[in-house]
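Working notes for the structure below.
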Amino acid sequence: MSKHILFSLLMSVSGAAFAQTAAPAEQPAQQPAAAVKVEKIVNAAAVEKREPVGEAVSFAAGKVYTWTRVTAENVPARIKHVYHKDGKKAAEIELSVNTSPCRTWSAKTVTPGSWKVEVTDEAGNVLTSAEFTVTAPAAAPQEAPAPQAKP
């Protein structure tokens with residue numbers, strides 16, 4: 001009988017040990033994608049000393065800067081400025097977020113039309129957007145033709 005008790009005890013202990021080793025190993029928690037928040041977005045005529053200059057919602061054809069101030073839970077992270085002209089995607093510019101908070105910007109040569117810039121995270125989620133219009137540059141005044149002398 002003592003052999004039977006000893007054998008049962010051995011089996012229960014080895015079974016418990018087997019259960020511990022056979023259990024699936026715990027997977028390390030995956031880090032969620034870097035959560036990025038846009039604190040401010042501005043369209044401007046220029047960026048000087050990391051700050052927007054000439055903020056506006058209407059520009060003449062030429063270059064426009066989209067400036068953003070973002071915070072990120074995990075750095076480095078990436079965002080994109082996705083430019084749309086008259087409802088059609090015109091450009092996509094990827095930007096690095098290496099510190100938090102971070103000021104970053106992109107520049108785009110724009111033509112007359114209705115423009116929208118979306119800021120997206122690495123997964124493509126739209127975080128915010130800003131709209132502006134571009135007008136044709138003012139035509140230079142033309143001089144009237146000089147009268148012709150009559151013979």
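Readers should treat all values here as calculations from the given coordinates under stated rules, not as data from a laboratory. Being a predicted model, the structure only gives us computed values, none of them experimental. Using ideal geometry, Cβ is built from the backbone for each residue, glycine included, and neighbour counts are taken over all protein chains shown.
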Loop sites in the stretch 44-79: trypsin sites (Lys or Arg not before Pro), DSSP, at most 16 other Cβ within 10 Å | 49, 50
For residue 61, distant residues with modelled amide H under 5 Å away = 135
Final fewest-first order of 86, 121 on the 10 Å Cβ neighbour count is 86, 121
38, 57, 64 arranged by Cβ crowding within 10 Å, fewest neighbours leading = 57, 38, 64
Tell me, what HN-Hα J-couplings in whole Hz come from the Karplus equation 6.51 cos²θ - 1.76 cosθ + 1.60 at θ = phi - 60° for each residue of the stretch 95-106, using x for Gly and Pro?
-> 10, 8, 10, 9, 9, 9, x, 9, 10, 9, 8, 10
Between residue 96 and residue 57, Cβ-based FRET efficiency (R0 30 Å, step 0.05) works out to 0.65
In whole angstrom, note down how far apart the Cα centers of the stretch 71-101 and the stretch 117-134 are.
-> 8
For the stretch 36-135, just say rounded, prolate or oblate: build the C-alpha gyration tensor, square-root its eigenvalues into a ≥ b ≥ c, call rounded for a/c under 1.5, and beyond that prolate if a/b exceeds b/c, oblate if not.
-> oblate
